[in-house]
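The values are calculated or read from the model by the stated rules, or taken from the named source; none is laboratory data. From a predicted model like this one, the values you see are computed outputs, not experimental measurements. Glycine gets a Cβ as well: all are built from the backbone with ideal geometry, and neighbour counts include every protein chain shown. The accessibility values were calculated without ligands, DNA or RNA, using every heavy atom of the protein model including side chains. Shrake-Rupley method; radii C 1.70, N 1.55, O 1.52, S 1.80 Å.
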2 protein chains.
Amino acid sequence: MTEAAKPAPRKLRADAKRNRDAILLVAREAFTRSGMDIAEVSLDDIAKQAGIGSGTLYRHFANRDELLEAVYLAEVQRLAETADIFDQTLPPIEAVRRWMLLFIDYIATKKIIAPALNNVAGGPQRIFANTGTLIYGAIGKLVNRAIAMGEMRADVQSVDLLKALVGVSYLANTPDWHETATRLVDILLLGSRP
Amino acid sequence: MTEAAKPAPRKLRADAKRNRDAILLVAREAFTRSGMDIAEVSLDDIAKQAGIGSGTLYRHFANRDELLEAVYLAEVQRLAETADIFDQTLPPIEAVRRWMLLFIDYIATKKIIAPALNNVAGGPQRIFANTGTLIYGAIGKLVNRAIAMGEMRADVQSVDLLKALVGVSYLANTPDWHETATRLVDILLLGSRP
DNA sequence: CGTAAAACGGAGAGTGTCTCCGCTTAGGAG
DNA sequence: CTCCTAAGCGGAGACACTCTCCGTTTTACG
């Protein structure tokens, strides 16, 4: 479960797996470096840098979005798993806060990046199905518990909070970004109390 | 001031102005129709539909972003002016709430669209200077008054709220979008109180 | 081994951005 | 009204990127 190299249950041939991993490695590096504006990175370039033909890249990942999702799937899974842990070890509100801060931290440290999230939260019409479900499930669980324990208003929707967070993630370029984000977490939590 | 067709003080030749307006008209229509995913619309297509050569389009607007900003500048100006009115006619918190809701409404009715805002709030590295300053100034003024009157905590930053709002704007495709947005406004305001 | 299925790779078709520069047109001077 | 000049036009084409197609190579298994 910690291994992210096997998203499809179907087993790959040795050379296929090798290439897939090489692509993922190069792509992560390239996406991270380009920060925002993921569209700047050419997929053919990634293929070239990974030492494979572009046809091979496109057989593994049909388009930019699929590649993007695959690159960040592992980290998103980790984020989702941490939600479970927080859920079982921390008081409700604190669990939500900590998870939100962790989420922000993932972005700050580029373990995940905003453009991979834009789409995640239901954004444009793309279909980041896996990633979206994972993240949505994670915060949903935490918020629901907080509501059940009467520590959040029943009308609070976890999506609302998530979307606000994703929005803020979009400006990881300003120097005071991290403060902005944590300030917003506080505002959101305060505003969600009964 | 209500006229948005003269952003540059330099006076245009008659044919130039005619073309510029034609481009803006077609572009607005095209951007609105394409909803999200503005990148889908080809600039050369816009030129063709406006009945001009692509060279002409590119002389007026050097790239997609410049065109995008020009198209929505007028509405953004109106939004900014409304902030002034609210500022003078409504109690502080109410002014902020009403403006935020108006902002959401502009998005819901496509008077402005999210992608034109992504960048606005300092998002990616683009330089939506005019638009950004206008919107930022509008909400900044309202929030500052609310703080001065002791109705919001002094540590609340208007940017924080704005960014959260922009984030939510990104999902104008889900059916319950409007509710989500208004719910978030309430959470933000509640969480901003002293 | 031998062979079928899986995977590779890169040429090239299709599309989009943006530039360049010879031609056209507006609009002021006389 | 006419002429002249600078502002503006337009579209061919250079360049970049995405994605497909298919002949060639590689893997894995009997």
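Each row is one residue, and each column tells you yes or no for (1) among the hydroxyl-bearing types (Ser, Thr, Tyr); (2) within 14 Å of another protein chain (Cβ to nearest Cβ); (3) away from DNA strand C (no atom under 11 Å from the Cβ).
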{"site": "A:Lys48", "(1), (2), (3)": "no, no, no"}
{"site": "A:Gly51", "(1), (2), (3)": "no, no, no"}
{"site": "A:Arg59", "(1), (2), (3)": "no, no, no"}
{"site": "A:Val71", "(1), (2), (3)": "no, no, yes"}
{"site": "A:Glu75", "(1), (2), (3)": "no, no, yes"}
{"site": "A:Arg78", "(1), (2), (3)": "no, no, yes"}
{"site": "A:Thr82", "(1), (2), (3)": "yes, no, yes"}
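When residues in segment B:157-194 are screened for being at the interface with chain A (Cβ under 7 Å from one of its Cβ atoms), of a type in the set (Gly, Ala, Ser) and assigned to a loop (DSSP other than H, G, I, E, B), 0 of them pass.
Annotation: of all residues in segment A:103-128 being in a helix (DSSP H, G or I) and under 17 Å from A:Leu73 (Cβ atoms), the one that is modelled with the lowest pLDDT is A:Asn118. Within segment A:46-63, if we keep just the residues that are part of a loop (DSSP other than H, G, I, E, B) and within 26 Å of the chain's Cα centre (by Cα), the residue that is nearest to A:Ala30 (Cα to Cα) turns out to be A:Ala50.
Condition check ((1) open to solvent by less than 100 Å² (accessible area, probe 1.4 Å); (2) out of contact with any strand residue (DSSP E or B) (no Cβ under 8 Å at 6 or more places or on another chain); (3) at pLDDT 80 or above; (4) farther than 18 Å from A:Asp65 by Cα) across all residues:
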residue	(1), (2), (3), (4)
A:Thr2	no, yes, no, yes
A:Pro7	yes, yes, no, no
A:Ala14	yes, yes, yes, yes
A:Arg18	no, yes, yes, yes
A:Ala22	yes, yes, yes, no
A:Val26	yes, yes, yes, no
A:Arg33	no, yes, yes, no
A:Asp37	yes, yes, no, no
A:Ser42	yes, yes, yes, no
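Taken over segment A:55-82, the criterion of being within 16 Å of DNA strand D (Cβ to nearest atom) and touching a residue at least 24 places away in the same chain (Cβ under 8 Å) is satisfied by A:Thr56, A:Leu57, A:His60, A:Phe61, A:Arg64, A:Asp65, A:Leu67, A:Leu68, A:Glu69, A:Ala70, A:Val71. Of everything in segment A:32-45 that is more than 8 Å from DNA strand D (Cβ to nearest atom) and either among the basic types (Lys, Arg) or more than 14 Å from every other protein chain (Cβ to nearest Cβ) (or both), the residue that is farthest from A:Thr109 (Cα to Cα) is A:Arg33. In summary, A:Ala154 fulfils each of the numbered conditions (1) assigned to a helix (DSSP H, G or I); (2) more than 7 Å from chain B (Cβ to nearest Cβ); (3) hydrophobic (A, V, I, L, M, F, W, C); (4) over 22 Å from the mean Cα position of the chain (by Cα) with the single exception of condition (1).
Taken over segment B:136-162, the criterion of being open to solvent by less than 10 Å² (accessible area, probe 1.4 Å) and at pLDDT below 90 is satisfied by B:Asp160, B:Leu162.
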